[in-house]
Amino acid sequence: MLTLHDYLPSQNGYKVRLLLSHLERPYRTRLVSIFEGEGRSPAFQALNPVGAVPVLELEDGRTLAESNAILFYLAEGTPYLPLGPWQRAQVLRWMFFEEDHVQNGLASLRHWTMTGKLARRMPEVIAAKRAGSLKTLGILEQRLAEHPFLTDSGYTVADISMFAYISRAGEADVSLEPYPGVRAWIARVRAQPGFLDEVHPYSIDPHSSGELP
Ligand SMILES: N[C@@H](CCC(=O)N[C@@H](CS)C(=O)NCC(=O)O)C(=O)O
């Protein structure tokens with residue numbers, strides 16, 4: 001059986017849980033207490049030297065880090081990843097966009113907002129991440145106001161990846177009110193068969209108000 005090394009409040013972890021739920025694929029969870037430094041333990045660093053979850057461990061012991069790489073791997077041969085090189089490149093295009101613009105923007109803001117760390121961050125850094133998040137949402141709105149999903153291949157891992165943090169923008173104090181196309185897309189994702197309607201607040205982890213080691 002697959003093992004997912006995970007931290008429940010992580011939306012990068014949620015992306016993988018969401019796809020596994022769509023695929024109805026059984027897996028076991030191995031929780032990693034990232035704020036207590038478990039990601040820095042030699043045992044975990046052997047799985048991912050970066051020290052971050054999620055990490056997928058296959059039945060034969062091979063391990064794969066990076067949420068978007070895990071999505072791409074698990075989606076192979078399923079309706080969540082198209083076949084053609086051009087179509088796959090479109091999926092990758094949005095997944096790289098997510099990695100670059102969402103993980104470094106909205107995801108950080110959400111983490112700091114939900115764990116009370118905002119006051120410990122430099123105002124210029126917060127302002128830059130807010131401005132970046134609005135720009136990102138504007139780009140998504142342009143696409144999603146005119147199209148049902150991010151690529152022309154229907155609902156794919158590009159949408160699954162993007163949904164994880166974009167759908168939680170309110171938790172970063174970023175309103176989705178000005179983005180009707182994005183909101184309609186969120187509703188479409190939520191209506192997909194096997195949608196996983198379970199997210200976990202940071203408050204389930206008493207260590208999450210501390211800094212990552
Ligand atoms: N680019 C990575 C980011 C992974 C990541 O930042 N994971 C966070 C939880 S959301 C983590 O484990 N942080 C612990 C650390 O970096 O020490 C991915 O997409 O998987």
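Can you find, within the range 166-213, the residue that is nearest to the ligand (Cβ to nearest atom) among those that are touching a residue at least 60 places away in the same chain (Cβ under 8 Å), assigned to a helix (DSSP H, G or I) and buried (at least 16 other Cβ atoms within 10 Å of the Cβ)?
Once the filter is applied, the top-ranked residue is 202.
Quick check on the range 142-157. Is at least one of its residues among the acidic types (Asp, Glu), touching a Ser or Thr at 6+ places or on another chain (Cβ under 9 Å) and assigned to a loop (DSSP other than H, G, I, E, B)?
Looking only at the range 142-157, we keep the residues that are among the acidic types (Asp, Glu), and these are 146, 152.
Those left that are additionally touching a Ser or Thr at 6+ places or on another chain (Cβ under 9 Å): none.
Taking every residue of the range 142-157 in turn, none turns out to be among the acidic types (Asp, Glu), touching a Ser or Thr at 6+ places or on another chain (Cβ under 9 Å) and assigned to a loop (DSSP other than H, G, I, E, B).
Can you name the number of the only condition in (1) of a type outside the set (Val, Ile, Thr); (2) free of Cβ contacts under 8 Å to residues at least 12 places away in the same chain; (3) near the ligand (Cβ under 10 Å from one of its atoms); (4) assigned to a loop (DSSP other than H, G, I, E, B) that residue 52 fails?
So residue 52 meets the others, but not (2).
Of the numbered conditions (1) touching a Ser or Thr at 6+ places or on another chain (Cβ under 9 Å); (2) within 16 Å of the ligand (Cβ to nearest atom), residue 66 fails exactly one; give the number of that condition.
Result: residue 66 fails condition (1) only.
Just one of the numbered conditions (1) touching a residue at least 12 places away in the same chain (Cβ under 8 Å); (2) over 25 Å from residue 9 (Cα atoms) is not true of residue 112; which one?
(2)
Of these, 163, 97, which one is open to solvent by less than 10 Å² (accessible area, probe 1.4 Å) and closer than 24 Å to residue 10 by Cβ?
The match here is 163.
With the requirement that a residue be over 23 Å from residue 159 (Cβ atoms), open to solvent by 10 Å² or more (accessible area, probe 1.4 Å), within 12 Å of the ligand (Cβ to nearest atom) and outside any helix (DSSP H, G or I), what does the range 8-47 give you?
Scanning the range 8-47 gives 31, 33, 37, 41, 47.
Taking the range 65-122 only, how many residues are farther than 21 Å from residue 199 by Cα and among the polar types (S, T, N, Q)?
Residues in the range 65-122 being farther than 21 Å from residue 199 by Cα and among the polar types (S, T, N, Q): 3 in total.
The values are calculated or read from the model by the stated rules, or taken from the named source; none is laboratory data. Model, not experiment: these values are computed from the prediction. Cβ sites come from the backbone with ideal geometry, for glycine too, and all protein chains shown count toward neighbours. Heads up: the accessible areas ignore ligands, DNA and RNA and are worked out on the full protein's heavy atoms, side chains in. Shrake-Rupley method; radii C 1.70, N 1.55, O 1.52, S 1.80 Å.
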